[in-house]
1. Looking at the stretch 291-314, which of its residues are surrounded by 16 or more Cβ atoms within 10 Å (Cβ to Cβ) and not hydrophobic (A, V, I, L, M, F, W, C)?
2. Only one residue in K110, K95 is farther than 28 Å from Y226 by Cβ and outside any helix (DSSP H, G or I). Which one?
3. Just the residues that are outside any helix (DSSP H, G or I), touching a Ser or Thr at 6+ places or on another chain (Cβ under 9 Å) and open to solvent by less than 40 Å² (accessible area, probe 1.4 Å), please, taken from the stretch 41-80.
4. If a residue has to be of a type outside the set (F, W, Y) and free of Cβ contacts under 8 Å to residues at least 24 places away in the same chain to count, how many in the stretch 270-287 make the cut?
5. Please state which one of R135, R101 is of a type in the set (K, R) and open to solvent by less than 80 Å² (accessible area, probe 1.4 Å).
6. Where residues in the stretch 143-157 are of a type in the set (S, T, Y) and in contact (Cβ under 8 Å) with a residue 24 or more places away in the chain, which of them is least open to solvent (accessible area, probe 1.4 Å)?
7. Is there any pair with a first residue in the stretch 113-125 that is closer than 15 Å to R101 by Cα and a second that is among the aliphatic types (A, V, I, L, M) and open to solvent by 50 Å² or more (accessible area, probe 1.4 Å) whose Cβ atoms are under 8 Å apart and which are 6 or more apart or on different chains, and what are they?
8. Yes or no: the stretch 48-55 includes at least one residue that is at positive phi and within 24 Å of the chain's Cα centre (by Cα).
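The values are calculated or read from the model by the stated rules, or taken from the named source; none is laboratory data. Every value quoted in this text rests on a predicted model; they were computed, and no experiment measured them. A quick note on method: Cβ atoms are made from the backbone with ideal geometry, for glycine too, and the neighbour counts reach across all protein chains shown. Note: accessible area is taken over every heavy atom of the protein model, side chains too, but ligands, DNA and RNA are not part of it. Shrake-Rupley method; radii C 1.70, N 1.55, O 1.52, S 1.80 Å.
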Amino acid sequence: MAQTTMVPAATRAPKAGKRNVMPPVLRGFLWAAIGFVVVNTFVDIVDPFRGHPFVTGPSATFGWVAAVIGWLLGVGVWESVALPLFGYKDRWHEKSTGWRRYFEYSTDHKVIGLQYLGSAMGGFLIAGAVAMLMRIQLMSDHLTIFHYPSNYLTAVGIHGTIMMFSVANVALLGGFGNYMVPMMIGSRSTAFPKLSGISVWLVPAGILTVLFSPLLGAWTTGWRGYEPLASQDANGILYYYLGVAALTMSTFIVGLNMVTTVMFRRAQGMTWSRLPLFAWGQLTVGLLVLIWIPEIQTTFVLALLEKLVPFNFFAATGSVMSYWVQAASVGAIPRRAGVGCD
């Protein structure tokens, strides 16, 4: 029999260490920064009307799109959705325990619900801090915090936008809806878990976009983005439109997910008459969201094109009333009996 030579443990080759992977959130920020710089530079090169600034309205818009895509891919969409979509081996595994799973892409409806609530709480704190600055300013008889009236009006718009689109909408429908509705109707998950896992990461992207919009210039229209006043603002209004687009798209996906889940993922025996009242409320709100979100997004798309191209949708050669009719139809502008649009 051949003798077996025992190798001392001290002389054995060490095992390959576990590969250190960058945290998904940090990787998302890095990929977002790279996407913005690359696309912004490319648009600056090919834009014949670029002028002297490195960051222009068109370049900032296309750079933002690249940044959001990089952000989503970085937080985990690359391994979980993009690679399997193109036929590559799925390298993503859902974490079942640990606090780190709340800071990366997930398909667990409970994790997604808590991520929505965390994003809404972050938006609430940011908007609340801006509101405190506004109140400190109002305590003085001269400009101390904000050096120009336009800066104060921009703060008003940032506060209202974040509170309305990332707290009021997201917390109830995205947070409590994702967390509680599947358990109430006897479902293990929502109808579109992967899509829901993507939509939750649009919320911090939208909040940060609105928060840093003054870097491109002040905007004075408040959280409603009135036209034709908005077309006269600086390029900061572009990031208002883009930030709201990200936030409302997240809300639209949540509404679609809740409606589909309640309608088609109920457990056997969970009839409509036995459906809990909270689930009925989520279904109703989801249906309303599916109706009004596309309409208001259309308004903002027209306003964005008006600012970039422009198409003169709301100028003297176009129809200012088209914006007001759209806004009034979704309740953004109150209707008064016997009085036309202001």
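1. Q297, T299, E306, K307
2. Values: K110 fails: outside any helix (DSSP H, G or I).
None of the others qualify; the one that does is K95.
3. Taking the stretch 41-80 and keeping what is outside any helix (DSSP H, G or I), we get 47-56.
Right, trim to touching a Ser or Thr at 6+ places or on another chain (Cβ under 9 Å) and you get 47, 49-50, 53-54.
The answer is D47, and nothing else.
4. We begin by selecting, within the stretch 270-287, every residue of a type outside the set (F, W, Y); these are 270-271, 273-277, 279, 281-287.
Within this subset, residues satisfying the condition of being free of Cβ contacts under 8 Å to residues at least 24 places away in the same chain are 271, 273-274, 277, 281, 284.
Adding up the residues that qualify gives 6.
5. On the way: R135 fails: open to solvent by less than 80 Å² (accessible area, probe 1.4 Å).
Every option except R101 fails the conditions.
6. Going through the stretch 143-157, the residues of a type in the set (S, T, Y) turn out to be 144, 148, 150, 152, 154.
So of that shortlist, the ones also in contact (Cβ under 8 Å) with a residue 24 or more places away in the chain come out as 148, 150, 154.
Details: Y148: 147, S150: 43, T154: 5 Å².
Per the stated criteria, the residue is T154.
7. G113/M180
8. Scanning the stretch 48-55, I find no residue that is at positive phi and within 24 Å of the chain's Cα centre (by Cα), so the answer is no.
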